[in-house]
Amino acid sequence: MKKIINDPDQVVQDMVNGYIAAYPEKVRLIPNTLVLARKEAPIKGKVGLVSGGGSGHEPAHAGYVGKGMLDAAVAGEVFTSPTPDQVLEAIKAVDGGEGVFLIIKNYTGDVLNFEMAAEMAEAEGIQVEKVIVNDDVAVEDSSFTTGRRGIAGTVLVHKIAGAKAESGGSLKEIKQVADKVVANVRSMGMALTSCTVPAAGKPSFTLKEDEMEIGIGIHGEPGIERKPITSADEIATELTNRILEDIEISKGNNIAVMINGLGATPEMELYIVNEKVQGILHDNGIHVYRTFVGEYMTSLEMAGISITLLKLDDELKTLLDAGSEAPAFRS
Amino acid sequence: MKKIINDPDQVVQDMVNGYIAAYPEKVRLIPNTLVLARKEAPIKGKVGLVSGGGSGHEPAHAGYVGKGMLDAAVAGEVFTSPTPDQVLEAIKAVDGGEGVFLIIKNYTGDVLNFEMAAEMAEAEGIQVEKVIVNDDVAVEDSSFTTGRRGIAGTVLVHKIAGAKAESGGSLKEIKQVADKVVANVRSMGMALTSCTVPAAGKPSFTLKEDEMEIGIGIHGEPGIERKPITSADEIATELTNRILEDIEISKGNNIAVMINGLGATPEMELYIVNEKVQGILHDNGIHVYRTFVGEYMTSLEMAGISITLLKLDDELKTLLDAGSEAPAFRS
Amino acid sequence: MELDVSRTIKWIKLANEKIQMNKDYLTTLDQPIGDGDHGINMARGFQAVVTKLDEEDYQEVSDVLKDVAMTIMSKVGGASGPLFATVFLKLTNALKGEQIINQKQFAIGLNEAVSGLKQRGKATEGEKTMVDVWSPIADLFQTNEEVDHSSILQTASNALEKVKDMMATKGRASYFKEKSIGHLDPGAVSSYYIFEALAEV
Amino acid sequence: MELDVSRTIKWIKLANEKIQMNKDYLTTLDQPIGDGDHGINMARGFQAVVTKLDEEDYQEVSDVLKDVAMTIMSKVGGASGPLFATVFLKLTNALKGEQIINQKQFAIGLNEAVSGLKQRGKATEGEKTMVDVWSPIADLFQTNEEVDHSSILQTASNALEKVKDMMATKGRASYFKEKSIGHLDPGAVSSYYIFEALAEV
Ligand SMILES: Nc1ncnc2c1ncn2[C@@H]1O[C@H](COP(=O)(O)OP(=O)(O)O)[C@@H](O)[C@H]1O
Ligand SMILES: Nc1ncnc2c1ncn2[C@@H]1O[C@H](COP(=O)(O)OP(=O)(O)O)[C@@H](O)[C@H]1O
Ligand SMILES: [Mg+2]
Ligand SMILES: [Mg+2]
Ligand SMILES: [Mg+2]
Ligand SMILES: [Mg+2]
């Protein structure tokens, strides 16, 4: 394991400290927690937005704390959902009297811990609403199982719900628009290499020199299919088509595109993939309203990408374009 | 070699196409070149800013094209300085009558190719000025040799010279402020792994599982010293001290800090390093005015970091804070 | 089988020892069909539990179990954190007020624990989770007057055997569908250690 | 030694063949003390040169050399691109107007080329660059009435031998200071292929 760290058991604490040290005028650390909150939170009259999850997905989630996006982010241990007491602290820190909205990725751990925190917060008289993001089409959407995972599409939920909250939206209105994003966002990923949880010390899986994993998640879990590496164009085509099979995006529709790097992928490769994705969309008569290329939801030092498509209406367009001062999503 | 590409000989062309496809409303491709220019360039009455160099350093350099930073970026082949005809096209594309300013990193290839282009442009009646960035303290500063390299500090030159140009600065004023940045900016890097130029197909060097390279450049060239991996704190201390030995930064001085990832480094590790760097600066009574953490000047999929410190005065502070709409540097 | 404060503490400490010893193994089990953190989560959480138990003086078994539950809740995280916290919290509530827990009382507690676990995780038997160890053990206590140590061990290891051949439909392992068959479930294995420890104290 | 249009074209094509054949080797030489692109740069550039030469009809040697220079300039990049472009441009200018280049003329051209190269790159002999091959070859032509093929080969390979032991003070290799000693300089080696080709046509 080659990492620039001090103690594998302290990486999250060290990171959070380093984050605060980078943006002391923008964020503050809730004492005795791994919760980062906007300096000015709680903001009276504004619904508070809380997201979070395991660490190792940087810039998610702290990078999205800022005016126009989240009010607080809860950092769990690496790839491990944060505990309910931590989430509760975040909720309490950002409640400005209008309630708190939770953005949760659909993993058993995240759902359980956030829901327990929500119950505790309600017991303390704080109104809580939530959305569960499940954009990963690599996993089957079934009510008998855990269902689809939440991956990079979550960032667009942060952005749009954040803009709604910033513009004075009520808890109910934020819930509505967040649900709309979740209904219209789909993603799928692939990887060339695995990654190593610092405390585990060895990679989660290994791929041969000529292999890739299709349908990878963001926790170093193996993907859905292992096969020989193909070209960027073929990878872009496979992922884009899988998404387009899952969600009806018609000729003339407007969408946002996110080409997300999983950690070790050179940005060059993201743009190479982007070219093909845009070509496919163009050929389908789909109009790309905005494109985001970069590292938005990573998996430590995994080499790989995910593609996210979000179908937009006028409301979503406006909210997507609204200003954001979060360090990892400026617009 | 595991890469998400189509043809190793086409990566730069494919990337440039994908970049244009991502930001069609912001940048345009100068036909038959690998030059990306601001959509609205040339801007009458504004000095044009041109930077560039080999590819593989993304988001440098195209990511810094935008209002408040560069007017054009020239992309060479991977790790290879662009040719004079390409640089000339960039100069011609952004000259709005007030002349063109070139930001060049101090490598023999970059200097030669940009200087030849400048001579050609002057022959065509375009006024050209330039700055040569040489912030890397890992290399000795000597007039008998090629001298120090230009690395991540270059991004801060883009930012500050860009703000000066946007505010209507003359070629001479831009040159003055750019020279001031170069005189006050220092960087140093290290790496845990090498990287692979696509057309070469194999890594530039190899490091053992317990080794790191100190004083690494940004072209996969080996560093100055190979030794056993130490902790993040020790790495941060070594690089910061090397910089502080090279440039006088006194108690009470204001500085900007950049913790730059070289490509495959998890952002988590950048923040872990940041914590220690800020601690050292704090202990020295140095005031950190702004911190930048992220991937600004990479070396393909190299795992490693560089640290950059820039001593600020009031003018530099104002220009650093001025607005930028470049995709890779929003402020 | 009877549990008093000291035996309960011994039980949990022995469970912790087994978890610490098998930390890497549990993590390894979580890699092919999960995210490779289960051993790390459990080791961190149970270490904190033991530290907590050493700090306090306990009058009642349920007080011990409550601290176990609350420490797990705030230190384990992931899916297993709230689920293990739930089982110990349900046990706590069922056993409140008793100095010495007899087998019948423990059986009732386990029953409550399994119901709480299934409700919290929306999982039932046969979905390849920790439920598939907790549920047969609860049944064992429910249906036998005299549960001896070897029958606990026997039941727990039979349960693990079956878990291996199940297809996961809950938790992370469910993403792998048929491919999850043949793998052990990490949370089932850590549950096994908890009952192995119970059998040994 | 005499050069006409056809022999000049053959020379450059043979140089290209050697560069293509040794592309990986040149890149490998550029890895320990450079950035691992020299073979790629030279192969890309010289391939483009040959394509260009095949497209045109030439009347004069200097026209051939001019296209060589301009194509190298726009296709090689890096440090070596403008430097090789400079030597061929200086040769072009020195030999302009001649149908057949005799040895004396070629010697003058080489002399100009080396001056231009040194001026452009601000390097001189002994700094472990391509100068350390071009300069001894220019000297050879300067000081000998009759330069035969084996003397070109001999001079070029002696030059390479010496380059190996130099410490680099110019170009990327200079970053490695003492550590550059013992390595061949990639641009010196590609220059060697150019003269080896000259010796063989
Ligand atoms: N819905 C569920 N009901 C019961 N147990 C579950 C459920 N989901 C997951 N588990 C248990 O949790 C274990 C995984 O725990 P852990 O690895 O610590 O958390 P995570 O899956 O969040 O990384 C699984 O092996 C399984 O036994
Ligand atoms: N100042 C200089 N003068 C002469 N030759 C030089 C100089 N700097 C570099 N070179 C030559 O250029 C070669 C490197 O070329 P190349 O690898 O293509 O470019 P880069 O160094 O920009 O990657 C070196 O091996 C050396 O022979
Ligand atoms: Mg987990
Ligand atoms: Mg180069
Ligand atoms: Mg797990
Ligand atoms: Mg080179």
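Every number in this text was worked out from the coordinates using simple rules, so none of it is lab data. Only a predicted model underlies this, so the values are computations on that prediction, with no experimental measurement involved. Glycine gets a Cβ as well: all are built from the backbone with ideal geometry, and neighbour counts include every protein chain shown.
A few notes on this one:
- Kirkwood hydrodynamic radius (C-alpha pairs) into Stokes-Einstein, the range C:5-200, 4 °C and 1.567 mPa s, D in µm²/s: 79
- When the alpha carbon gyration tensor of the range B:257-331 is reduced to an equivalent ellipsoid, its three semi-axes come out at 22, 18, 9 angstrom, largest first.
- Shortest-first distances to equivalent copies, position B:D141, nm, label 7 Å out along Cβ: 6.0
- Förster radius 45 Å - calculated FRET efficiency between A:H287 and D:E98, Cβ distance, rounded to 0.05: 0.15
- Whole-Hz ³J(HN,Hα) from phi, Karplus 6.51 cos²θ - 1.76 cosθ + 1.60, for the range B:189-195, glycine and proline x: x, 8, 9, 9, 9, 8, 8
- Relative to one another, the C-alpha centroids of the range D:186-201 and the range A:121-139 are positioned 69 Å apart.
- Under 5 Å between amide hydrogens, built in the peptide plane, is the criterion, and for B:G54 it picks out B:G76, B:T80, B:S81 among residues at least 5 positions away or on other chains.
- Shape category assigned to the range A:20-184 from the gyration tensor of Cα positions, a/c cut at 1.5: rounded
- For peptide B:128-138, the mean count of partner chain Cβ atoms within 10 Å of a residue's Cβ comes to 0.
- Computed on chain D, with alpha-carbon pairs under 8 angstrom and 6+ residues apart, the relative contact order is 24 percent.
- Nearest-first distances (nm) between copies at D:A48, label 7 Å from Cα via Cβ: 6.0
- Computed over the alpha-carbon atoms, the range B:185-319 gives an Rg to Rh ratio of 1.00, Rh here being the Kirkwood radius from the mean inverse distance.
- Filter on A:K105/C:K23; A:K175/C:K177; A:K105/C:K75 - keep pairs with C-alpha separation over 23 Å: A:K105/C:K23; A:K175/C:K177
- The range B:13-58 and the range A:284-331 have their alpha-carbon centroids 21 Å apart.
- Sorted from nearest, the other copies put their A:S250 label points 7.1 nm away, the label point being 7 Å from Cα in the direction of Cβ.
- Over the range B:94-155, the alpha carbon radius of gyration divided by the compact-protein estimate 2.2 N^0.38 Å works out to 1.25.
- R0 of 30 Å, Cβ-Cβ distance D:I181-B:E234: FRET efficiency to nearest 0.05: 0.50
- Among the chymotrypsin sites (Phe, Trp or Tyr not before Pro) in the range A:88-175, those located in a DSSP loop and surrounded by at most 12 other Cβ atoms within 10 Å of their own Cβ are A:F144.
- Gyration tensor (alpha-carbon) shape descriptor, chain A, a/c threshold 1.5: oblate
- Overall, the ratio between the Cα radius of gyration of the protein assembly as shown and 2.2 N^0.38 Å, rounded to two decimals, is 1.04.
- Paramagnetic label zone (point 7 Å from Cα along Cα-to-C-beta, C:Q20; backbone N under 16 Å) in the range A:192-215: none
- Span from the the range B:141-181 Cα centroid across to the the range B:213-279 one, whole angstrom: 21
- Once the Cβ-Cβ distance of B:N32 and B:D7 is raised to the sixth power relative to R0 = 25 Å, the FRET efficiency obtained is 0.85.
- Dipole size of chain C about its Cα centre, with +1 on Lys/Arg Cβ and -1 on Asp/Glu Cβ: approximately 760 debye, rounded to the nearest 20.
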